[in-house]
Amino acid sequence: MKLIRLTQMFLLGFIMIDCGGKTNVNVYETFDFNTLSPNLLSTGEKVYANSCFACHTYGTAGAASLVDFKEWDKVAKKGMESILKSVMKGYRGVNGVMPPKGNCWTCTEEEIRASILYIFHKVKNNQLQAN
């Protein structure tokens, strides 16, 4: 278990370093979603299932659903660091509200980052299946 956690921390650290100073790099251009580690995706999926699912599955409270490709494309252009900052602080916009940490009060920043990557991974898969 410690090895898995250490591997996750290493991968997330690498991702964080890779994103340093590139706040406006499109998420889809920054990450190869086919090579994200299973552990990272598993962590992201757990956070999604516990906290993000209710809004992002159905578009509740103005949230982009996992098939709202145009909205996710716009969000992706903001870059990972900008998205992470919005999720950590919460977001109030024209389309709705997202509470700080997406209501995952016990989540670490690394777990929130993993959930964001998981969501983009799912959206990209949904987009490929739709075409």
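The values are calculated or read from the model by the stated rules, or taken from the named source; none is laboratory data. Predicted model, so just to flag it, every value in this text is computed and none were measured. Every residue, glycine as well, gets a Cβ built from its backbone with ideal geometry; the counts of neighbours run over all protein chains shown. In case anyone asks, the SASA skips ligands and DNA or RNA and just uses the protein heavy atoms, side chains included. Shrake-Rupley method; radii C 1.70, N 1.55, O 1.52, S 1.80 Å.
Tell me which residues, restricted to the stretch 54-64, are part of a helix (DSSP H, G or I) and either farther than 23 Å from ASN131 by Cβ or open to solvent by less than 20 Å² (accessible area, probe 1.4 Å) (or both). Result: ALA54, CYS55, THR60, ALA61, GLY62. Every condition in (1) without any contact (Cβ under 8 Å) to a residue 40 or more places away in the chain; (2) open to solvent by 40 Å² or more (accessible area, probe 1.4 Å) holds for LYS122 except the one numbered (1). Evaluated against (1) within 21 Å of ASN24 (Cβ to Cβ); (2) open to solvent by 50 Å² or more (accessible area, probe 1.4 Å), ALA130 falls short on exactly one condition, (1).
Only one entry in SER115, SER82 is open to solvent by 30 Å² or more (accessible area, probe 1.4 Å), in contact (Cβ under 8 Å) with a residue 12 or more places away in the chain and either under 25 Å from SER37 (Cα atoms) or aliphatic (A, V, I, L, M) (or both), namely SER82. Checking the stated criteria, VAL67 turns out not to satisfy the condition of being under 13 Å from the mean Cα position of the chain (by Cα), surrounded by 15 or more Cβ atoms within 10 Å (Cβ to Cβ) and modelled with pLDDT of 95 or more.
For the stretch 32-50, filtered to residues that are among the hydroxyl-bearing types (Ser, Thr, Tyr) and under 12 Å from the mean Cα position of the chain (by Cα), the residue that is surrounded by the fewest Cβ atoms within 10 Å (Cβ to Cβ) is TYR48.
Entry remark, the stretch 31-45: residues being without any contact (Cβ under 8 Å) to a residue 12 or more places away in the chain and either of a type in the set (A, V, I, L, M, F, W, C) or part of a helix (DSSP H, G or I) (or both) number 2 in total. In the stretch 70-79, the residue that is least open to solvent (accessible area, probe 1.4 Å) out of those that are more than 21 Å from THR108 (Cα to Cα) and part of a loop (DSSP other than H, G, I, E, B) is LYS78.
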